[in-house]
Amino acid sequence: MKTRASLDPAAAFPDPKQKPTDVDLKAVLGVAFAPLDRVLADLQDACPRATSDWQYSNQAGWYRLALLKKRRLFYLVPQRGAFRLSLILGAKAIAALQQGSHARAIATLLKTAKRYPEGTAFSFDRDSCDPVLIEALLAAKLAH
């Protein structure tokens with residue numbers, strides 16, 4: 001018998017019956033919302049057709065997806081006063097980034113990035129959030 005993974009105690013929105021709103025997100029993140037707000041605004045500017053959707057996980061509580069049609073652009077897992085933003089890039093997007101102005105930062109990120117069959121996962125939290133770099137990753141993802 002498999003044991004069920006428990007809910008992260010830091011989950012910002014643990015109640016499966018209460019879907020959060022963007023106002024709730026801002027309130028629960030507090031000062032951590034500022035860099036994330038820039039990422040969300042940059043995405044909306046770069047890709048106005050992008051949408052977002054809240055989904056529930058038994059491990060993380062409610063999390064937010066940024067989508068372009070059915071394509072997942074990034075995952076945002078809010079926590080009280082913090083967050084984790086993750087995106088997966090394919091080989092072509094990474095190759096383009098390695099040739100661009102963010103090559104040094106990409107080389108550093110690749111040392112700790114997780115690799116999956118669908119691509120390489122990059123994760124950022126409250127402390128490592130660099131809106132300019134995340135914007136470059138999203139632009140590469142959208143271009144490839």
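Among the numbered criteria (1) out of contact with any Ser or Thr (no Cβ under 7 Å at 6 or more places or on another chain); (2) in contact (Cβ under 8 Å) with a residue 12 or more places away in the chain, which single criterion is violated by residue 21?
Condition not satisfied by residue 21: (2).
Looking at the structure I just gave you, is residue 68 surrounded by fewer than 18 Cβ atoms within 10 Å (Cβ to Cβ), touching a residue at least 24 places away in the same chain (Cβ under 8 Å), over 28 Å from residue 7 (Cβ atoms) and over 12 Å from the mean Cα position of the chain (by Cα)?
Numbers: surrounded by fewer than 18 Cβ atoms within 10 Å (Cβ to Cβ): yes; touching a residue at least 24 places away in the same chain (Cβ under 8 Å): yes; over 28 Å from residue 7 (Cβ atoms): yes; over 12 Å from the mean Cα position of the chain (by Cα): yes.
So residue 68 fits the description; yes.
Hey, residue 8 hits all of (1) of a type in the set (Asp, Glu); (2) at pLDDT below 95; (3) assigned to a helix (DSSP H, G or I) but one; which does it fall short on?
Looking at each condition in turn, residue 8 falls short on (3).
I'm checking my understanding of the structure. Among residues of the stretch 1-46 that are polar (S, T, N, Q) and farther than 26 Å from residue 138 by Cα, which one is farthest from the chain's Cα centre (by Cα)? Break it down into steps so the answer makes sense when it comes.
In the first step, residues of the stretch 1-46 are kept if they are polar (S, T, N, Q); the result is 3, 6, 18, 21, 44.
Among the residues that remain, those that are also farther than 26 Å from residue 138 by Cα are: 3, 6, 18.
On the way: 3: 27, 6: 22, 18: 21 Å.
Once the filter is applied, the top-ranked residue is 3.
Filter the stretch 114-130 for residues that are surrounded by 17 or more Cβ atoms within 10 Å (Cβ to Cβ) and at pLDDT below 95; which is farthest from residue 84 (Cα to Cα)?
Ranking the candidates gives 129 first.
List the residue pairs whose Cβ atoms are under 8 Å apart, where the first residue sits in the stretch 30-45 and is over 13 Å from residue 129 (Cα atoms) and without any contact (Cβ under 8 Å) to a residue 40 or more places away in the chain, the second is surrounded by 15 or more Cβ atoms within 10 Å (Cβ to Cβ) and aliphatic (A, V, I, L, M), and the two are 6 or more positions apart or on different chains.
These pairs meet every condition: 44/50.
As an exercise: evaluate residue 33 against (1) under 26 Å from residue 107 (Cα atoms); (2) surrounded by 15 or more Cβ atoms within 10 Å (Cβ to Cβ) and give the number of the one condition it does not meet.
Condition not satisfied by residue 33: (1).
Kindly provide the set of residues from the stretch 47-68 that are of a type in the set (A, V, I, L, M) and either assigned to a strand (DSSP E or B) or over 18 Å from residue 142 (Cα atoms) (or both), ordered by number.
From the stretch 47-68, those of a type in the set (A, V, I, L, M) are 50, 60, 65-68; that's our starting set.
Scanning the stretch 47-68 gives 60, 65, 66, 67, 68.
The values are calculated or read from the model by the stated rules, or taken from the named source; none is laboratory data. Everything numeric here is computed off the predicted structure, so don't read it as measured data. Neighbour counts run over all protein chains shown; Cβ positions are idealised from the backbone, glycine included.
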